[in-house]
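Remarks on the structure that follows.
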Amino acid sequence: MKFIEREHIDIERWDTLVKTTQGSDVFSLSVYLDHVAENWCIFVDEEYTRGIALPYVVRLGIKLCYTPIFVRYMEWFGLPMDDHRLMVELKHQFQSGRLQTKNKIRTRKLKRRIYQQIDSDIIPETNTQTKRMLSKYERSEISLNWDDDIPAVMKFIRSELPIKVTSLDKKSIDRLENLVHALKEHDLLRMVVASDEDRRLGGLFVVSFNGSMLYLKGAVGKESKDMGVMYGAMQMAIDEAQNEGLHFDFGGSNAEGVKRFNYNLGGEDKKYYVVDWDHTPGWYRFIMKVRNLWKRRRSS
């Protein structure tokens, strides 16, 4: 097993490993990581039959493993590796890390997180709130269609989401826009677009990959939201996933309002895991502490 930096990865072999692993997610594909990660490498065997992708950043000369925005987790492919040995290798390569992983790693600092999904063999049950919002949408003059108008959806993501999600700054949204264009070129992206006569009113992006349809991001204006358009768009995507025999993956969020929205549409909890380590020198931790204090005061 060895670490290989992005420029030296045999991308065809790596992507083949990801694509041929049953139930794998899109987050580890090269086209995905190339557009969301500052840097990434893989820890893989010589034959590319098992391994994991590892995004990272370098700050003040310190190499830090992290999970980029728009990525829920990384996952191990192929035959499993001894957990203790894996953690030894990770800590040797990265002085600090927060690795979100699909696979449970036996370590003292393992934390559990959840996301929501509708399995392909489950008929989702919608609650009263969802039925009410879908009824409002159906009574509106707004139409929803599968389309390929990326700018129409990105316009509303740029104007609406940063108000609700502070981590979505301009740089992050630029990454998202580059990502969706790349996914479209690889025939992985689909989108639902809301329209009212000749006006585009937003919509959502989904990614179809390896038996799953992943909700990536979406947004509509307040008026459309109050009319149930986002519920209608999500339900349209869920129905399509069900018709195609795909799981519908809500993407996951720790925000209570988002989780409640996912539950309303029939989502059920699935687990993933987070492991942290920090062996950075004292001077680095001090500088980061001062930097974070300054950022909080500046934003307050």
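The values are calculated or read from the model by the stated rules, or taken from the named source; none is laboratory data. Nothing here was measured: the structure is a model prediction, and the numbers come from that model. Please note: Cβ atoms are built from the backbone with ideal geometry, for glycine as well, and neighbour counts cover all protein chains shown.
Within the range 152-159, none of the residues are closer than 22 Å to Phe248 by Cα, among the β-branched types (Val, Ile, Thr), assigned by TED's automatic domain parsing to the domain that holds Phe70 and modelled with pLDDT of 90 or more.
In the range 65-80, is there at least one residue being modelled with pLDDT of 90 or more and farther than 27 Å from Asp187 by Cβ? Checked the range 65-80: at least one residue is modelled with pLDDT of 90 or more and farther than 27 Å from Asp187 by Cβ.
If you filter the range 225-261 down to residues that are at pLDDT 90 or above and of a type in the set (S, T, N, Q), you find that the one that is farthest from Lys164 (Cα to Cα) is Asn243.
Would you tally the residues in the range 91-136 being out of contact with any strand residue (DSSP E or B) (no Cβ under 8 Å at 6 or more places or on another chain) and farther than 17 Å from Trp76 by Cβ? Even if it seems obvious, please write down each step before you answer.
Just the residues of the range 91-136 that are out of contact with any strand residue (DSSP E or B) (no Cβ under 8 Å at 6 or more places or on another chain), to begin with: 92, 106, 108, 121, 123, 125-136.
Next, only the ones that are farther than 17 Å from Trp76 by Cβ stay: 92, 108, 121, 123, 125-136.
Total satisfying the criteria: 16.
For the range 271-300: of the residues being at pLDDT 90 or above and surrounded by 17 or more Cβ atoms within 10 Å (Cβ to Cβ), which is nearest to Ile62 (Cα to Cα)? Across the range 271-300, the extreme among qualifying residues is Trp277.
Condition check ((1) more than 23 Å from Ile287 (Cα to Cα); (2) touching a residue at least 12 places away in the same chain (Cβ under 8 Å); (3) among the acidic types (Asp, Glu); (4) not in a strand (DSSP E or B)) across all residues:
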{"site": "Arg13", "(1), (2), (3), (4)": "yes, yes, no, yes"}
{"site": "Lys19", "(1), (2), (3), (4)": "yes, yes, no, yes"}
{"site": "Tyr48", "(1), (2), (3), (4)": "yes, yes, no, yes"}
{"site": "Tyr56", "(1), (2), (3), (4)": "no, yes, no, no"}
{"site": "Thr67", "(1), (2), (3), (4)": "no, yes, no, yes"}
{"site": "Met87", "(1), (2), (3), (4)": "yes, yes, no, yes"}
{"site": "Gly97", "(1), (2), (3), (4)": "no, yes, no, no"}
{"site": "Ile105", "(1), (2), (3), (4)": "yes, yes, no, yes"}
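Test of understanding: among Arg112, Arg106, which residue is touching an Asp or Glu at 6+ places or on another chain (Cβ under 7 Å) and surrounded by fewer than 17 Cβ atoms within 10 Å (Cβ to Cβ)? Arg106 is the lone residue from the list that is touching an Asp or Glu at 6+ places or on another chain (Cβ under 7 Å) and surrounded by fewer than 17 Cβ atoms within 10 Å (Cβ to Cβ).
Considering the range 125-150, the residues that are of a type in the set (Val, Ile, Thr) and at pLDDT 90 or above include one that is surrounded by the fewest Cβ atoms within 10 Å (Cβ to Cβ), namely Ile150. Each residue in the range 242-265 was checked for being part of a helix (DSSP H, G or I) and surrounded by fewer than 21 Cβ atoms within 10 Å (Cβ to Cβ), and 10 of them qualify.
Residue check: is Lys155 surrounded by fewer than 12 Cβ atoms within 10 Å (Cβ to Cβ) and among the basic types (Lys, Arg)? Quick ask: steps written out before the conclusion?
On the way: surrounded by fewer than 12 Cβ atoms within 10 Å (Cβ to Cβ): no; among the basic types (Lys, Arg): yes.
When the stated conditions are applied, Lys155 does not pass them.
Here is the figure for the range 126-155: residues that are in a helix (DSSP H, G or I) and either touching a Lys or Arg at 6+ places or on another chain (Cβ under 8 Å) or among the aliphatic types (A, V, I, L, M) (or both) total 7. All conditions but one from (1) in the same structural domain as Ala194 (by TED's automatic domain parsing); (2) out of contact with any strand residue (DSSP E or B) (no Cβ under 6 Å at 6 or more places or on another chain); (3) among the charged types (D, E, K, R) apply to Asp249; the one that does not is (2).
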